[in-house]
Ligand code: XMP
């Protein structure tokens with residue numbers, strides 16, 4: 001195991017992720033971790049970046065025992081400065097802050113000890129790297145040599161002459177450092193001799209074991225599922241760990257996709273063996289949405305609050321039933337399928353003691369129900385969740401599902417949400433997605449749906465003039481959902497979809513395709 005000590009950088013988890021991509025197992029712990037308290041010995045230690053200056057009062061410092069372990073150490077950014085601080089305290093505020101791309105000149109030392117050149121072995125002499133720091137070394141710590149420079153940083157890379165200790169000012173873990181993974185491989189595999197045996201199967205075993213320890217022999221967990229990949233994978237993992245002591249709840253809010261509640265129920269219970277309760281609250285939701293015409297945020301609030309209410313009520317019932325059952329015990333835990341990108345988004349950069357804000361609906365649930373949060377996917381990225389889902393036997397269809405917003409098609413029905421509008425939007429969406437799948441485009445597209453516009457247009461159907469509604473199709477390609485491009489369908493495809501929607505969906509006489517990218521458009525229409 002490679003130990004990553006976290007000094008609070010927004011990139012620390014990426015170090016762990018890159019190592020895992022190399023099949024090297026790594027564990028991340030707070031920078032203040034006492035080495036003596038570890039029950040295992042790392043094969044190497046990485047000190048992450050962080051928002052502090054090492055010379056500041058109150059700046060966090062690594063347990064100096066790290067340098068006595070006799071294992072390789074790599075300091076990244078703050079970590080480099082931390083090594084220098086530990087070895088001689090010569091770190092000063094930089095006169096220029098350096099953020100963004102930089103070009104690195106690698107310096108080789110063929111006549112020094114062979115380990116000195118190992119970090120950059122196999123890499124070019126000039127490398128594009130990503131910098132993000134304000135401080136710099138004032139001079140080399142004793143017994144170190146420079147192994148890389150940039151025009152701004154004379155000590156962009158340093159190595160100890162006798163010991164396998166390295167420091168780099170740039171961030172190898174981000175994709176903006178194209179050769180960063182190779183550098184981390186050099187460190188972990190060649191320098192630390194870490195075994196490359198970590199797989200998703202191991203993740204499952206470890207996570208299942210962790211959940212069992214956390215929850216105990218009788219503990220019960222409740223969690224909402226949506227039919228989306230994250231909540232399904234999280235639920236399946238819980239089921240593997242504690243079986244029926246995990247209680248999944250699907251709230252049918254009346255604005256799910258066509259037949260969604262039944263499909264989710266079938267997959268979850270029959271295929272995945274998850275202990276699921278479906279609550280049909282569609283009338284309650286639709287009743288509360290009635291009359292809300294031109295305030296999308298209000299729709300979101302109504303749906304969010306009603307969800308909390310319905311979920312809590314159901315949770316109480318389930319808890320009461322569970323308390324009287326053979327596996328008795330109160331429900332203490334709430335499952336949340338939080339992914340790593342949500343975690344970074346909500347970490348406040350107060351450093352190692354960073355408090356993680358709870359996400360969306362969960363805040364309200366936790367307060368109202370005195371539950372503790374359990375987040376088995378919090379270290380994973382979306383693509384890893386998909387790999388994990390496949391590993392857990394979740395059907396391909398579900399694993400590759402496009403994201404679907406909590407407020408459902410309510411935010412895809414512009415204007416008032418009525419049962420009639422829901423029917424139209426659902427049917428049109430179903431046809432669009434069906435055609436996308438038939439054309440083999442579903443995985444190429446990141447998200448697609450049909451929206452119902454709040455206008456009527458004139459058309460002619462048969463011999464009659466009609467005055468009916470307009471469907472807008474939306475399909476985007478994106479990697480991060482922060483920016484997105486509309487998908488360039490060919491004309492034949494659009495023609496087919498348009499024809500089917502107008503013919504098959506009662507109430508629609510026109511179909512348009514949304515060709516707005518994000519920004520300035522958002523992906524959803526409301
Ligand atoms: P926008 O429309 O902001 O969407 O470009 C970006 C991504 O977020 C999803 N989205 C939501 N998801 N509740 C959710 O759970 C919401 O209120 C919400 N609004 C947007 C959207 O589907 C897209 O994937």
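Can you tell me the 0 to 90 degree angle between the C-alpha axis of helix 419-438 and the longest principal axis of the chain, rounded to 10?
60
Mind running the shape call on segment 78-126? Use the C-alpha gyration tensor, a ≥ b ≥ c as the square roots of the eigenvalues: rounded below 1.5 for a/c, prolate if a/b tops b/c, oblate otherwise.
The shape class here is oblate.
Let me make sure I get this right: for segment 97-213, a, b and c are the square roots of the gyration tensor eigenvalues over alpha carbons, sorted descending. Under 1.5 in a/c it's rounded, otherwise prolate if a/b > b/c, else oblate. Which is it?
Prolate, because a/c is 1.5 or more and a/b exceeds b/c.
Full extension from residue 300 to residue 313: what is 0.36 nm times the residue separation minus their Cα-Cα distance, to one decimal in nm?
Working: separation 13, 0.36 × 13 = 4.68 nm, distance 2.00 nm.
Full-extension gain reported as 2.7 nm.
First check a/c for segment 159-202, with a ≥ b ≥ c the square roots of the eigenvalues of its C-alpha gyration tensor; if it is under 1.5, answer rounded, and if not, answer prolate when a/b is larger than b/c or oblate otherwise.
oblate
Quick check on the chain: helices-only [θ] at 222 nm, where DSSP H runs of length 4 and up contribute -39,500 (n - 2.57) each and the sum goes over total residues. Nearest 500, please.
Mean residue ellipticity at 222 nm (helix-derived): -9500 deg cm²/dmol.
After finding the eigenvalues of the alpha carbon gyration tensor for the chain, what semi-axes result from the square roots of 5 times each, listed largest first in whole Å?
Equivalent ellipsoid semi-axes, largest first: 49, 29, 20 Å.
So how tilted is helix 200-215 from the main axis of the chain? Cα-based, degrees 0 to 90, rounded to 10.
It is inclined by approximately 80 degrees.
Report, to the nearest 10°, how far helix 229-242 tilts away from the longest principal axis of the Cα atoms in the chain, using its own Cα long axis and a range of 0 to 90°.
Compared with the principal axis, the helix lies near 70 degrees.
Taking neighbour Cβ counts within 10 Å as the exposure measure, how do 13, 402, 61 sort from fewest upward?
Fewest-to-most ranking of 13, 402, 61: 61, 402, 13.
What ranking do 461, 238 get, fewest neighbouring Cβ atoms within 10 angstrom at the top?
If I rank by nearby Cβ atoms, fewest first, I get 461, 238.
Of all DSSP beta bridges in the chain, what percent run antiparallel (nearest 5)?
50
Each value in this text was obtained by applying a stated rule to the coordinates, not by laboratory testing. Just so we're clear, the structure is a prediction, and the values are computed from it rather than from any experiment. As a convention, Cβ positions derive from the backbone with ideal geometry for all residues, glycine included, and neighbour counts pool all protein chains shown.
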